[in-house]
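Below: one structure, written as structure tokens.
The values are calculated or read from the model by the stated rules, or taken from the named source; none is laboratory data. Just so it is clear, the model here is predicted, and its values are computed rather than measured. Please note: Cβ atoms are built from the backbone with ideal geometry, for glycine as well, and neighbour counts cover all protein chains shown. The area values use the complete protein model at the heavy-atom level, side chains included, leaving out ligands, DNA and RNA. Shrake-Rupley method; radii C 1.70, N 1.55, O 1.52, S 1.80 Å.
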Amino acid sequence: MNYSIAIDGPAGAGKSTIAKLIAKKKSYIYVDTGAMYRAMALFFIESGISADEQEKISAACKDVDVTISYENGEQIVWLNGRNVNGLIRTEEVGKMASASSANKDVREKLVELQRALAEKESVVMDGRDIGTVVLPNADVKVYLTASSRVRAVRRYEELKAKGEECNLEVIEKDIIERDYRDMHRDISPLKQAEDAVLLDSSNMTIEEVADAVIAMCK
Ligand code: DC
């Protein structure tokens, strides 16, 4: 019998950190669905397609093959047979992923892949529509959020640690814009599933959030 834990929420709420920790504690597979949208976005960028060219994005879907594999518990995303893990974490790819993930054909392709993974294994899956659309019968559903300021500060500190130039106000503005796009698109917008538990991580440590989710599994 396979179990599934769905973790949805806006960018920077800590979904992937929490999901990875829980997957490790419970020996489940961690499925990062955002990485799949990012891989497709990278393909569109490399093909010279811009975010507002929805018809070209739809047409290009037939040329994209996204798959994932695992190495020492780490998810590897393959784009047409190429490992793109090192290329998808940029702001440019994140913005394109937010825009192209509003496309029906992009979503159909990836939702199918995500459901197939959850059928084969017990999973902790994070994204925007896992509890609402991808796995409506997930055993545990969490909607993880945090204030835009807290999320911006986390991102700012990440970038600073990498030695990148950044500005807190710009980062917060980008986060608010991305939230708006993800929450207001027509297909599978980001929202809390009716049966999801809301967790606000603004004033919680990673361990506290993970413990709260583990407690829900019992
Ligand atoms: O979680 P992330 O930042 O890696 O996600 C990148 C974008 O992909 C995000 O802005 C919205 C989209 N996305 C989505 O629409 N549905 C998902 N299940 C996961 C991500």
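Observations, loosely collected:
- Among (1) within 20 Å of the chain's Cα centre (by Cα); (2) within 22 Å of Lys104 (Cβ to Cβ) - the single one Ala59 does not satisfy: (1)
- Restricting attention to segment 124-141 and to residues that are closer than 17 Å to Lys20 by Cα and within 14 Å of the chain's Cα centre (by Cα), the residue that is most open to solvent (accessible area, probe 1.4 Å) turns out to be Arg128.
- Against the numbered list (1) open to solvent by 50 Å² or more (accessible area, probe 1.4 Å); (2) of a type outside the set (D, E, K, R); (3) more than 12 Å from the ligand (Cβ to nearest atom), Ala118 comes up short only at (1).
- Pick from segment 102-120, criterion assigned to a helix (DSSP H, G or I) and among the small types (Gly, Ala, Ser), ranking: farthest from Leu135 (Cα to Cα): Ala116
- Matching helices (runs of 4 or more DSSP H) fully within segment 1-88 where at least 1 residues are open to solvent by 20 Å² or more (accessible area, probe 1.4 Å) and within 18 Å of Ala118 (Cβ to Cβ): 15-26, 33-46
- Pair list, Cβ < 8 Å and 6+ apart or interchain, from segment 101-112 residues that are closer than 17 Å to Arg178 by Cβ to residues that are more than 10 Å from the ligand (Cβ to nearest atom) and acidic (Asp, Glu): Ala102/Asp186
- Residue match in segment 53-71 (condition: under 25 Å from Ala212 (Cβ atoms), touching a residue at least 24 places away in the same chain (Cβ under 8 Å) and away from the ligand (no atom under 16 Å from the Cβ)): no
- Count - residues of segment 62-101 that are among the basic types (Lys, Arg) and either under 14 Å from the mean Cα position of the chain (by Cα) or under 18 Å from Ile130 (Cα atoms) (or both): 2
- Here is the figure for segment 181-192: residues that are outside any loop (DSSP other than H, G, I, E, B) and surrounded by fewer than 13 Cβ atoms within 10 Å (Cβ to Cβ) total 2.
- Scanning segment 89-101 for residues that are open to solvent by 70 Å² or more (accessible area, probe 1.4 Å) and part of a helix (DSSP H, G or I) yields a total of 3.
- Of all residues in segment 142-154, exactly one satisfies the criterion of being more than 11 Å from Ser201 (Cα to Cα) and within 15 Å of the chain's Cα centre (by Cα), namely Val142.
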